[in-house]
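The values are calculated or read from the model by the stated rules, or taken from the named source; none is laboratory data. Keep in mind it's a predicted model, so treat the numbers as computed, not measured. Note that we place each Cβ from the backbone using ideal geometry, even for glycine, and neighbour counts take in every protein chain shown.
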Number of protein chains: 2
Amino acid sequence: MLNKLTAMATLAGLLLAAGSAFADKTYRLRLAETWPPNYPIFGEATKSLKKMVETMSNGRLKITIDAKNKHKAPLGIFDMVKAGQYDIGHSASYYWKGKDPNTLFFTSMPFGMTAPEQYAWFYYGGGMELMAKVYARHGLLSFPGGNTSNQMGGWFQKEIKSLDDLQGLKMRIPGFAGEVLAKLGAKPTNIPAGELYTALERRTIDALEWVGPSLDLRMGFHKIAPYYYTGWHEPATELQFLVNKKKWDSLPADLQEVLRVAMRTAAYDTYAQSYHASAVNWDTIKSDYPNIKIKTFPKAVLDAMRRANDELLAERAAADPLAKEIIDSQAAYMAKARAWTAISDQAYLNSLGE
Amino acid sequence: MLNKLTAMATLAGLLLAAGSAFADKTYRLRLAETWPPNYPIFGEATKSLKKMVETMSNGRLKITIDAKNKHKAPLGIFDMVKAGQYDIGHSASYYWKGKDPNTLFFTSMPFGMTAPEQYAWFYYGGGMELMAKVYARHGLLSFPGGNTSNQMGGWFQKEIKSLDDLQGLKMRIPGFAGEVLAKLGAKPTNIPAGELYTALERRTIDALEWVGPSLDLRMGFHKIAPYYYTGWHEPATELQFLVNKKKWDSLPADLQEVLRVAMRTAAYDTYAQSYHASAVNWDTIKSDYPNIKIKTFPKAVLDAMRRANDELLAERAAADPLAKEIIDSQAAYMAKARAWTAISDQAYLNSLGE
């Protein structure tokens, strides 16, 4: 009897040991995204993240995704993740510049880095460390969340031939780029996505920028505006995964790494997918609407935009040491990276001619 | 007594169930890489892969890495992984063109796609499916393994002013690009890495290409050749992870996904790291050796190279239906992707002027 009890106790002990080592507790993360449900590309990034995380963890880490229709606060992601109402957000860092001005710098800056330059800065040039410093103040971790590639300068009803044509120009262009244009006499406005087509068609606005062919095609702007300008204001728009730090700290190390690597891959994949979608959609636009004219702003206009941009950055640097640290880091890094771009991709592309 | 036996049997049953579900068997993968031990960037990709995989799997999937000094067969990776002597290889697909001519197309092609264009093609434009078709014949899986970014056209002792200057030019340039130059009268040679510096210094060769500033700096070529030509022959050299399919199939689904996602991130990261290293190293070269001249081949030379390249591709397409399928896919995709590049990154970079 003693032997049998001992055997039972041994079995029970083994079972408990197995239980504690392999309990495989399930962790659940709630993710809120800025986008409407099933939004192309951006919405696929979060679905891809969920799938990678759940497969890699064999179901131990689960993610539920709430789109805009569910949480009703597309620009409330920062607050909701900070408060722990959600554990992860998928959005864009520059949306939070009203809450912390230094969040501005981690999406894309006018006349700033291209996507490969910016990824090099984030991961090997000190960018991640600076972003961490900004978000640590809010109990948040921030990671790149997918690049749209170079954004187009927008759809215009009239050609911009000189700075005079910017005077009073009503353009939907939000954020820092809007501030730049305002300094030059334009009237930047923000209008909800659903009303943009009508506003441009009825000339409530003279111009607008959205993203690029990847997401512009479905908006239909090419049907009502003849000029499509090349970009200057967001050369490499990077979305963002925002994570509540307390929640992150509560995950075991293996699941933290699963989440980190899955976010990293989802972000890079979004860049490749955006590039693909813009290639395919631009092909469609120019085949179906061959009269669309690609334009680049005249040098005098670009020079004035750049001066205005530099002045606005100088104001921010003077007002805040951390802003200065970030601005200086980006400028110094871009100088080196651009010199490489100039003799590599740019020289290659230009050497092929037409 | 019956109750106690039943209880024991139940306990034993539970333990077995726990054992089968949570056994957490450790899987071990042996990786062979083409590179010498601790090779910069390329060697960091495999170390990063190992670390991601082991952390994400909580030690259930382990990788041992053998560099060239261990396995002694830097260009035997394909054979060793095919034979199951190793489970994974880190190398480059175009090294295997002697074993299967269609492996040529998955690294980088002369006058081909840039890195963002090529990633878009691989992951969203049908590239992965074509690569899988080629490697399935060998019982292998192939994945992107990291991009060097645009490779420089090489270091030259004399300026190339016309096609005449290519006649008899002795240049270290291996592979398909070597075939292109041979058609134009040059004498391509291959020389082991360790002898390249002396060969160029003693004028045994007139020119050589290696990678770009990221890996050229340590070779010291800038000390002995004054002309650094921009690239045409490998605009987006992608390394390769090669996996033995039987070994892959023996892994549980969660560990397959851990490996897939870790390889994908390691590859993208290598692109960002290469971009970074070239930016930093080019800055060093041009600061320390301000007399280095960046040159682009004259248009007549580039046009002739492109014609020779097109002829060689046409020969391959005529000889093999799968080669034709791949060549056609790349050409059609590049036409669309390049039209997007032209109005996005290229237009942006060119609009900034000097």
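When residues of the range B:99-114 are filtered for being β-branched (Val, Ile, Thr) and surrounded by fewer than 24 Cβ atoms within 10 Å (Cβ to Cβ), how many remain?
As a first pass, look at the range B:99-114 and keep what is β-branched (Val, Ile, Thr): B:103, B:107, B:114.
Next, from what is left, pick out any that are surrounded by fewer than 24 Cβ atoms within 10 Å (Cβ to Cβ): none.
Qualifying residue count, the range B:99-114: 0.
Within the range B:209-225, the set of residues being small (Gly, Ala, Ser) and in contact with a Ser or Thr (Cβ under 8 Å, 6 or more places away or on another chain) comprises B:GLY212, B:SER214. Selection within the range A:42-66: residues that are in contact with a helix residue (DSSP H, G or I) (Cβ under 7 Å, 6 or more places away or on another chain) and more than 14 Å from every other protein chain (Cβ to nearest Cβ). The member of this set that is surrounded by the most Cβ atoms within 10 Å (Cβ to Cβ) is A:ILE63. Scanning the range B:309-344 for residues that are surrounded by 14 or more Cβ atoms within 10 Å (Cβ to Cβ), closer than 30 Å to A:PHE111 by Cβ and without any contact (Cβ under 8 Å) to a residue 60 or more places away in the chain yields a count of 6.
What do you reckon, is B:TYR289 crowded, with 17+ Cβ neighbours inside 10 Å and at pLDDT 95 or above?
On the way: crowded, with 17+ Cβ neighbours inside 10 Å: no; at pLDDT 95 or above: yes.
No: the conditions fail for B:TYR289.
Return the only residue of B:ALA277, B:ALA253, B:ALA304 being under 24 Å from B:LYS51 (Cα atoms) and crowded, with 18+ Cβ neighbours inside 10 Å. If you could, list the steps in order and put the result at the bottom.
Values: B:ALA253 fails: crowded, with 18+ Cβ neighbours inside 10 Å; B:ALA304 fails: under 24 Å from B:LYS51 (Cα atoms).
Just a single option satisfies the conditions, and that option is B:ALA277.
Quick check on the range B:126-178: of everything there that is charged (D, E, K, R), in a helix (DSSP H, G or I) and not assigned by TED's automatic domain parsing to the domain that holds B:THR189, which residue is surrounded by the fewest Cβ atoms within 10 Å (Cβ to Cβ)?
Taking the range B:126-178 first, the residues charged (D, E, K, R) are B:129, B:133, B:137, B:158-159, B:161, B:164-165, B:170, B:172.
Among the residues that remain, those that are also in a helix (DSSP H, G or I) are: B:129, B:133, B:164-165.
Pick out the ones that are also not assigned by TED's automatic domain parsing to the domain that holds B:THR189 and you get B:129, B:133.
Numbers: B:GLU129: 10, B:LYS133: 13.
In this case the residue turns out to be B:GLU129.
For the range B:153-179, a tally of residues being within 26 Å of B:SER274 (Cα to Cα) and touching a helix residue (DSSP H, G or I) at 6+ places or on another chain (Cβ under 7 Å) returns 6. Scanning the range B:93-124 for residues that are small (Gly, Ala, Ser) and either within 26 Å of B:ARG307 (Cβ to Cβ) or not assigned by TED's automatic domain parsing to the domain that holds B:ASN38 (or both) gives B:SER93, B:GLY98, B:SER108, B:GLY112, B:ALA115. Only residues that are in a helix (DSSP H, G or I), of a type outside the set (Lys, Arg) and either closer than 26 Å to B:GLY153 by Cβ or out of contact with any Lys or Arg (no Cβ under 7 Å at 6 or more places or on another chain) (or both) were counted across the range B:75-125, and they come to 24.
Picking from residues in the range B:91-121 that are more than 8 Å from chain A (Cβ to nearest Cβ) and in contact with a strand residue (DSSP E or B) (Cβ under 6 Å, 6 or more places away or on another chain), the one that is nearest to A:THR341 (Cα to Cα) is B:THR107.
Part of a helix (DSSP H, G or I), hydrophobic (A, V, I, L, M, F, W, C) and outside the structural domain of B:PHE111 (by TED's automatic domain parsing): is that true of B:MET334 in this structure? When the stated conditions are applied, B:MET334 does not pass them.
Taking the conditions exactly as written (at pLDDT 95 or above, among the hydrophobic types (A, V, I, L, M, F, W, C), in a helix (DSSP H, G or I) and more than 17 Å from the chain's Cα centre (by Cα)), does A:MET52 satisfy them or not? Taking the combined requirement at face value, the residue satisfies it. Of the residues making up the range B:23-49, those that are within 20 Å of the chain's Cα centre (by Cα) and part of a loop (DSSP other than H, G, I, E, B) number 8.
Any residue that is facing chain A (nearest Cβ under 8 Å) and within 30 Å of B:ALA132 (Cβ to Cβ) - is there at least one of those in the range B:316-323?
Looking only at the range B:316-323, we keep the residues that are facing chain A (nearest Cβ under 8 Å), and these are none.
Among the residues of the range B:316-323, not one is facing chain A (nearest Cβ under 8 Å) and within 30 Å of B:ALA132 (Cβ to Cβ), which makes the answer no.
Being surrounded by fewer than 19 Cβ atoms within 10 Å (Cβ to Cβ) and within 9 Å of chain B (Cβ to nearest Cβ), is that true of even one residue in the range A:226-247? Looking for residues that are surrounded by fewer than 19 Cβ atoms within 10 Å (Cβ to Cβ) and within 9 Å of chain B (Cβ to nearest Cβ), one finds none in the range A:226-247, hence no. Yes or no: the range B:103-114 includes at least one residue that is out of contact with any helix residue (DSSP H, G or I) (no Cβ under 7 Å at 6 or more places or on another chain) and without any contact (Cβ under 8 Å) to a residue 60 or more places away in the chain. Checked the range B:103-114: no residue is out of contact with any helix residue (DSSP H, G or I) (no Cβ under 7 Å at 6 or more places or on another chain) and without any contact (Cβ under 8 Å) to a residue 60 or more places away in the chain.
Per the conditions (1) more than 7 Å from chain A (Cβ to nearest Cβ); (2) in contact with a helix residue (DSSP H, G or I) (Cβ under 7 Å, 6 or more places away or on another chain), the sole criterion not satisfied by B:ALA335 is (2).
Select, from A:MET56, A:MET109, the only residue that is closer than 30 Å to B:VAL53 by Cβ and either touching a Cys at 6+ places or on another chain (Cβ under 8 Å) or not charged (D, E, K, R) (or both).
Details: A:MET109 fails: closer than 30 Å to B:VAL53 by Cβ.
Every option except A:MET56 fails the conditions.
From A:ILE160, A:ILE191, A:ILE173, which residue is within 14 Å of chain B (Cβ to nearest Cβ) and of a type in the set (Val, Ile, Thr)? Step through it out loud before you land on a result.
Details: A:ILE191 fails: within 14 Å of chain B (Cβ to nearest Cβ); A:ILE173 fails: within 14 Å of chain B (Cβ to nearest Cβ).
None of the others qualify; the one that does is A:ILE160.
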